[in-house]
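For reference, the structure discussed in these notes is given below.
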Amino acid sequence: MKKQNKIYFDNSATTQIDKEVLKEMIPYFNLQFGNASSIHEFGQKAEAGVLNAKYIISKFLNCKPNEIIFTSGATESNNTILQGVFSDFKGHLITTMFEHPCVLETAKYLSRRGVDVTFIAPEKNGIIDPQKIFRAIKENTRLISIMYANNEVGTVSNIAHIGKKLAEINEKRTNKILFHSDAVQACYFRDMDVKKLRADFVSISSHKIYGPKGVGAFFMSERAKLSPLMYGGQQEYGIRPGTYNVPAIVGFGKAIQLISSKDHKKIIEKMKKIRDYIIKEALKIKGVSLNGDKDKRLENNINLLFENVEGESLLLKLDLCGVACSTGSACASGSLSASHALLSMGIKPENAHGSLRISLGKYNTMEEAKKFVMILKKSVIQLRKFSPFK
Ligand SMILES: Cc1ncc(COP(=O)(O)O)c(C=O)c1O
């Protein structure tokens, strides 16, 4: 992949498409351009691309191809699952306070419409305590939705353990509780075998794993039931109607296939080395600490708290120096609000504002990390000189 001069450390936001993925997609724009639902040859060739991608993804998740539903991304997957299970706005939902907004805001919407929602707070280290989930279960609980890895602090919860315990609880219940995990950030790094996770729904997204944007999927176990969000054709068993985005689906399949390639382990090891180097060097700066558990975190995630530094100022300064990171803050309607994920972990608002996410990708190098550390150290010193917090 062609390297740019700039350092891209925002891979949790999106990744650069892999050239092998791009190559696989191109024929589906101009040669196999048919509508995958048409029965003529053009349609059949496009459909073959969709089915092949579905087959690859089902192998990866260890499920049947007909348990995969293609969508436009994880936002749509998560909305379809949550709104689909609670289409009658009845019953109880358990989720966490630090889910991605596409789960959190959907849960809040359902709550406004009458669904009883319990939001579990993560522990200080950004891990969900499974006991808190089990204690929250009620007679009318219908769905538990817990993210696999957090997108801001990269902390990884033990989804397989939660799934196993929930299966035991379900054995004693007539009204079974469905289990969903938003696995968007974990997909590249963790075991995605849905049988081991004991999940009924698992959401994944292509653009976080070196695939194209605008395509995602979710696993839906055969026992799970959903009302569709949209009505139309019979694509995806009527759960997600609409003409297939064939090039994107083909690219998504290739991106998943690359995760199973033999050099994947080495890629993760390289990221871990770079991550640990940056953490070690950054913690040498006075007033810097790591947000989220040191060990139970993704190999590509570094989330640093800088005392007496404004996160957005640091982000902009780094951008001027050619480094792209992100803050834990979201810019909402002109006012900067502190990250809900960091706040839910008990981090004070002023510290949440001073946090920076560095998310590594497979194209990053140790040279970039060394350059970044130098830039970071200088930037923090300069910003603190003019800090109003002093
Ligand atoms: C954990 C998590 N869930 C869901 C999403 C939404 O994914 P998409 O961009 O495919 O809608 C993201 C994207 O940042 C994410 O990190």
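I'd like the full set of residues that are part of a strand (DSSP E or B) and either more than 11 Å from the ligand (Cβ to nearest atom) or over 14 Å from the mean Cα position of the chain (by Cα) (or both), limited to the range 182-217. Once the filter is applied, which keeps residues that are part of a strand (DSSP E or B) and either more than 11 Å from the ligand (Cβ to nearest atom) or over 14 Å from the mean Cα position of the chain (by Cα) (or both), the range 182-217 yields Phe201, Val202.
Pairs linking a residue in the range 69-84 that is of a type in the set (D, E, K, R) to a residue that is more than 7 Å from the ligand (Cβ to nearest atom), with Cβ atoms under 8 Å and 6 or more positions apart or on different chains, are Glu76/Leu229; Glu76/Arg240.
I'm trying to understand the selection: among the residues of the range 350-366, which are surrounded by fewer than 23 Cβ atoms within 10 Å (Cβ to Cβ) and in a loop (DSSP other than H, G, I, E, B)? Scanning the range 350-366 gives Gly361, Lys362, Tyr363, Asn364, Thr365.
Residue under question is Ile26, and the condition is that it be buried (at least 22 other Cβ atoms within 10 Å of the Cβ), outside the structural domain of Tyr363 (by TED's automatic domain parsing) and either within 12 Å of the ligand (Cβ to nearest atom) or not charged (D, E, K, R) (or both); does it hold? Taking the combined requirement at face value, the residue does not satisfy it.
Within the range 222-234, residues that are hydroxyl-bearing (Ser, Thr, Tyr) sit with their Cβ atoms under 6 Å from residues that are at pLDDT 95 or above, at 6+ positions apart or across chains, in these pairs: Ser227/Gly84; Ser227/Ser87. Exactly one residue out of Leu143, Leu110 is more than 16 Å from the ligand (Cβ to nearest atom), buried (at least 24 other Cβ atoms within 10 Å of the Cβ) and assigned by TED's automatic domain parsing to the domain that holds Ala186, and it is Leu143.
Selection of first residues in the range 239-259 that are within 20 Å of Ser227 (Cα to Cα) and hydrophobic (A, V, I, L, M, F, W, C) and of second residues that are in a helix (DSSP H, G or I) and at pLDDT 95 or above, restricted to Cβ pairs under 8 Å at least 6 apart or on distinct chains, gives the following pairs, ordered by first then second residue: Ile239/Thr80; Ile239/Gly84. Are any of the residues in the range 80-99 assigned by TED's automatic domain parsing to the domain that holds Glu47, within 12 Å of the ligand (Cβ to nearest atom) and assigned to a strand (DSSP E or B)? Within the range 80-99, one or more residues are assigned by TED's automatic domain parsing to the domain that holds Glu47, within 12 Å of the ligand (Cβ to nearest atom) and assigned to a strand (DSSP E or B). With the structure loaded, tell me whether Phe60 is closer than 30 Å to Ile274 by Cα and in a helix (DSSP H, G or I) or whether it fails that test. Spelling it out, Phe60 is indeed closer than 30 Å to Ile274 by Cα and in a helix (DSSP H, G or I).
Each residue in the range 3-23 was checked for being surrounded by 19 or more Cβ atoms within 10 Å (Cβ to Cβ), within 15 Å of the ligand (Cβ to nearest atom) and either in a helix (DSSP H, G or I) or of a type in the set (Ser, Thr, Tyr) (or both), and 2 of them qualify.
The values are calculated or read from the model by the stated rules, or taken from the named source; none is laboratory data. These figures come from a predicted structure and were not determined experimentally. Virtual Cβ from ideal backbone geometry, glycine too; neighbours counted across all protein chains shown.
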